[in-house]
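Report on one structure; see the data block that follows.
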Amino acid sequence: MQNTSWIPLFPEQASTFAWQVDALYFYLIFVSVAFSIPIIAAIFFFSMKYRAKEKYATPDEIHGSMVLETVWSIIPFVISMTIFLGGAIIYFQQYTPPDDAMEIYVVGKQWMWKVQHETGQREINELHVPVGRKIKLTMTTEDVLHDFSIPAFRTKADVVPGRYTYMWFEATKPGKYHLYCAEYCGLNHSGMGGWVYVMEQRDFDNWLSGNVSGQTPVEAGKDLFQNKLGCASCHAGGAGQRGAKLEGIFNTDVKLVGGQTVKADDQYLRNSILNPASQVVEGYQPIMPTFKGQVTEEQLNSLVAYIKSLSPGAAAPAAGAPTTAPAMSANTNSAAANKTAPTKPAANSNK
Ligand code: CUA
């Protein structure tokens, strides 16, 4: 890995967060050193100055000093607040993905990272992204806890079974950067890594078009929804509609049986597929069977992507949007469906 940073201990700064994280980190080191040195010096100084000259001497009584106590309360208060604020601001930025980010799905599995682009390309232990573009990763795992970590971007996030976690970044320089699993996940944890390739937009477009794209997540989800899993028989609308209406549902507030309201986000959609009886939409019967154990994490991602695509205007690109070149940007997809006729089921292609 290239290491051109001025302290060889640190990886390169290759994302928009990197300098902020480093600045806060150096500030912490500075504060630690600035306190440690005078404290150690004082220990030596006092131990010599006040060393016992006679046994059982009675020390002088000390009376309080308002000035001293105020100073040593206010200075540490200011220091700890700057640390708190610095940390909170960086944390808030890192864990609030922007709406206009390009979305990529990541599934962790002992011991590999499976990546799927919105345009259908898949990779294992590699992640190709364009430089200068906001990238949002929607992540989950098929088995145990993992943690997706890119030191050069100064960002990482746990990948948790049974739910989605998110991470976003904007790479600032083209290059090849290490990618790690940062959570001990079993025997080959240390080998669960790979590379992030940051490319100029033009090179990235070339890379995309040079890779067999297979079905996009939206297409794969549509296929599952309409054919393989038969969701459409209850959810497709019309006279036979027995399940909740899914068009336009994404990111809206949904009223549940029992009066509770939830936001129909990725997590809600996912939960409704796996535990349909737990959050039933008001006006419907709890008749949907569970799909737990019948769909893989990647199929779930696809289903969620498809349902999102039924809500144009929400973050996901609309299904059936016209596309010129295969896979040019995050906003085009689908419609290439017919070109990729003999498609394999999303679930099995990476096993
Ligand atoms: Cu996956 Cu450690």
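Each reported figure results from applying straightforward, stated rules to the coordinates on display, with no laboratory input. Bear in mind that the values here come from a model prediction, so they are computed numbers and not experimental data. Glycine also receives a Cβ, built like all others from the backbone with ideal geometry; neighbour counts cover every protein chain displayed.
Where Rh is the Kirkwood radius over the Cα pairs of the stretch 9-112, the temperature 37 °C and the viscosity 0.692 mPa s, what D in µm²/s does Stokes-Einstein return?
So the translational diffusion coefficient is about 171 µm²/s.
Have a look at the DSSP beta bridges in the chain and tell me what percent are antiparallel, nearest 5.
That works out to approximately 70 percent antiparallel.
Could you work out the helix-only [θ] at 222 nm for the chain, with each DSSP H run of four or more residues adding -39,500 (n - 2.57) and the total divided by the number of residues, to the nearest 500 deg cm²/dmol?
The per-residue figure over the chain is -9500 deg cm²/dmol.
Got the relative contact order for the stretch 25-168 handy, in percent, Cα pairs under 8 Å and 6 or more residues apart? List each step's numbers first, then the result.
On the way: 149 pairs, mean separation 24.9, N = 144.
Result for the stretch 25-168 is 17 percent.
Going by a ≥ b ≥ c, the root eigenvalues of the Cα gyration tensor, does the stretch 92-228 fall in the rounded group (a/c under 1.5), the prolate group (a/b larger than b/c) or the oblate group? Intermediate results must be reported in sequence, preceding the final value.
Values: a/c = 1.41, a/b = 1.04, b/c = 1.35.
Rounded.
How far apart, in nm, are the 7 Å Cα→Cβ label points at Asp203 and Val78?
4.7 nm
State the answer as a single residue: which of Ala305, Thr70, Ser36 lies farthest towards the positive end of the charge dipole of the chain, with beta carbon charges of +1 for Lys and Arg and -1 for Asp and Glu, about the Cα centre.
Working it through, the farthest residue towards the positive pole turns out to be Ala305.
List the pairs from Lys109/Lys263; Lys109/Lys173; Lys222/Lys308; Lys156/Lys308 whose alpha-carbon separation is above 19 Å, in the order I gave them.
Result: Lys109/Lys263; Lys109/Lys173; Lys156/Lys308 exceed 19 Å.
Round to the nearest 0.05 the FRET efficiency obtained for Ile37 and Val144 when R0 = 30 Å and r is the Cβ-Cβ distance.
0.10
Filter the cross-link list Lys134/Lys255; Lys114/Lys136; Lys176/Lys292; Lys134/Lys176 down to pairs whose alpha-carbon distance in this structure exceeds 26 Å.
As for pairs spanning more than 26 Å Cα to Cα, those are Lys134/Lys255; Lys176/Lys292.
Based on alpha-carbon centroids, what's the gap between the stretch 202-228 and the stretch 1-74 in Å, whole number please?
The distance from the Cα centre of the stretch 202-228 to that of the stretch 1-74 comes to 54 Å.
Quick one: if the Förster radius is 56 Å, what FRET efficiency do Arg242 and Tyr27 give, using the C-beta to C-beta distance and rounding to 0.05? Write out the running numbers ahead of the final one.
Details: r = 59 Å, r/R0 = 1.05.
Rounded to the nearest 0.05, the efficiency is 0.45.
Counting Lys and Arg as +1 and Asp and Glu as -1, what is the net charge of the other residues whose Cβ lies under 15 Å from the Cβ of Leu187?
Values: positive: Lys109; negative: Asp143, Glu183.
Computed value for this residue: -1.
Using the Cβ atoms and a cut-off under 14 Å, what net charge is assigned to the surroundings of Phe291, where Lys and Arg are +1 and Asp and Glu are -1? Please report the intermediate quantities before stating the final value.
On the way: positive: Lys228, Arg270, Lys292; negative: Glu297, Glu298.
Combined, the nearby Lys, Arg, Asp and Glu give +1.
Hey, what's the Kirkwood Rh for the stretch 67-153 if you take every pair of different alpha carbons, in angstrom?
16.2 Å is the Kirkwood radius here.
Gain in length, Ala88 to Asn251, computed as 0.36 nm per residue apart minus the alpha-carbon separation, to one decimal in nm?
Result for the pair: 56.1 nm of gain on full extension.
If eta is 0.890 mPa s and T is 25 °C, what Stokes-Einstein diffusion coefficient results for the chain, Kirkwood Rh from Cα pairs, in µm²/s?
Value of D from the Cα-based Kirkwood radius: 104 µm²/s.
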